[in-house]
Amino acid sequence: MSAASVAAAGPEEDGGDLVGHYDLVIFDLDGVLYLVDQVIPGAAEACARLRERGIPSAYATNNASRLPGDVAALLTRIGIPSEPREVVTSAHATALLMAEQFPAGTPVLVLGAPALREEVVAAGLTPVTEAEQARVVVQGYGPEVRMRDLGDAAVAIRGGAAWIATNADKTLPSPRGPLPGNGSLVVALATALGRQPDTIVGKPDPALFLEAARERGAQRPIVVGDRLDTDIEGAYRAGMDSLLVLTGVSDAAELLAAPVERRPTFVAEDLGGLFEAAQAVPRQGQWQVTDRDGRWELAGDGRPVDALTALCQVAWAAGEVRPVVAADEAAQAALKWLKLA
């Protein structure tokens, strides 16, 4: 559960645990604290340790299917006491954006869960069901979205309605593995229309993170997420450090191939990494990576996450991804754990 540094940025000085260098922890939810509605092992304990130390938390999610109050209630139910004011959702941020861009009462065709519709109403806009009436189409994740809904949205957008998506996550984590997310439906509609949404509000756009930090007056926040393309890139765009945990969507193979904007400051197996020693210099344990006949050969011993750190340092410096092979049994076990073998 080490918090191994895998990027140039990091705490300005060594000493203490990782989280001690920050004044706010901004958590993603799905894949970090829970899967659907089941707490991830160790998440409640990690959040309790933060509360004991007086380190504030915020929760920023691209999932537009729950209201902040519903998210806070879910977190509290799984052992992470929370309040609605600590939660920033893409649905809420999207509704606020629409309220700024369109007059009160503007007719909006809503694709998504009831929570998104409620946010639209709270922002002073008017949900409609007829495509021809809509001046705006807002698209968010909802398990009951149908092909008919996508068809109505296509008609409205071709008729001149603005098109706003709450987020573009192509998948969402679940106990059964990644499932289609809102981004998959955005792609389907974009394919039919031959164009992209006018605006995509959620991560990797930095607005959710910046809002969370601004509301709490944080000067040095850290983002904790499980997705490189949303959480980690969003932190990069916001100018914030980040911790990738390997409990959700992004895996070792994706991390090795990550471009600069999707490389986390730290990587850990799970949230226990927040309380491991912070290292400004990458801690690779006893792992060595050698260029061997066009492949990366891993040798040594230690924790798999430290093997991943060693591999990232070499692959990123070389600017390419190569096949990884093991030189010994310990390396083979590490690569199997990382799903690289």
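Could you please state, rounded to a whole Å, how far the C-alpha centre of the stretch 44-76 is from the C-alpha centre of the stretch 146-192?
Cα centres, the stretch 44-76 to the stretch 146-192: 27 Å.
May I ask you to give the solvent-accessible area per residue for the chain, in square angstrom, as obtained with a 1.4 angstrom probe?
Working: 14530 Å² over 341 residues.
Accessible surface, normalised per residue, equals 43 Å².
Summarise the accessible area of the chain (1.4 Å probe, protein heavy atoms) by the percent that is carbon and sulfur.
On the way: 7280 of 14530 Å².
On the chain, the fraction of accessible area on carbon and sulfur atoms equals 50 percent.
What residues have an amide H closer than 5 Å to that of Ala162, excluding those fewer than 5 places away on the same chain, when H is modeled at 1.01 Å from N in the peptide plane?
So Ala162 has HN proximity to Val136, Val137.
Asp17's amide H: which non-local residues (gap 5+, or another chain) put their own amide H closer than 5 Å, with H modeled 1.01 Å from N in plane and none for Pro or chain starts?
Hits under the 5 Å cutoff: Ala278.
Please give the calculated 222 nm ellipticity per residue for the chain, where each DSSP H segment of at least 4 residues contributes -39500 (n - 2.57) and the sum is spread over every residue; nearest 500 deg cm²/dmol?
Helix-only estimate at 222 nm: -9500 deg cm²/dmol.
Once amide H atoms are built 1.01 Å from N in the peptide plane, which residues 5 or more positions from Val325, or in another chain, come under 5 Å H to H?
Those qualifying (amide H under 5 Å, at least 5 residues apart or on another chain) are Trp296, Glu297, Leu298.
Could you work out the relative contact order of the chain? I mean the mean sequence separation of Cα pairs under 8 Å and 6+ apart, divided by the number of residues, in percent.
Numbers: 747 pairs, mean separation 75.5, N = 341.
It comes to 22 percent, rounded to a whole number.
Between Arg51 and Asp251, with labels modelled 7 Å along Cα→Cβ, what's the label distance in nm to one decimal, could you check?
Spacing of the two 7 Å Cα→Cβ label points: 3.5 nm.
The values are calculated or read from the model by the stated rules, or taken from the named source; none is laboratory data. In this text, all values refer to a predicted model and were calculated from it rather than measured experimentally. Heads up, the Cβs are rebuilt from the backbone with ideal geometry, glycines too, and the neighbour counts pull from every protein chain shown. The area values use the complete protein model at the heavy-atom level, side chains included, leaving out ligands, DNA and RNA. Shrake-Rupley method; radii C 1.70, N 1.55, O 1.52, S 1.80 Å.
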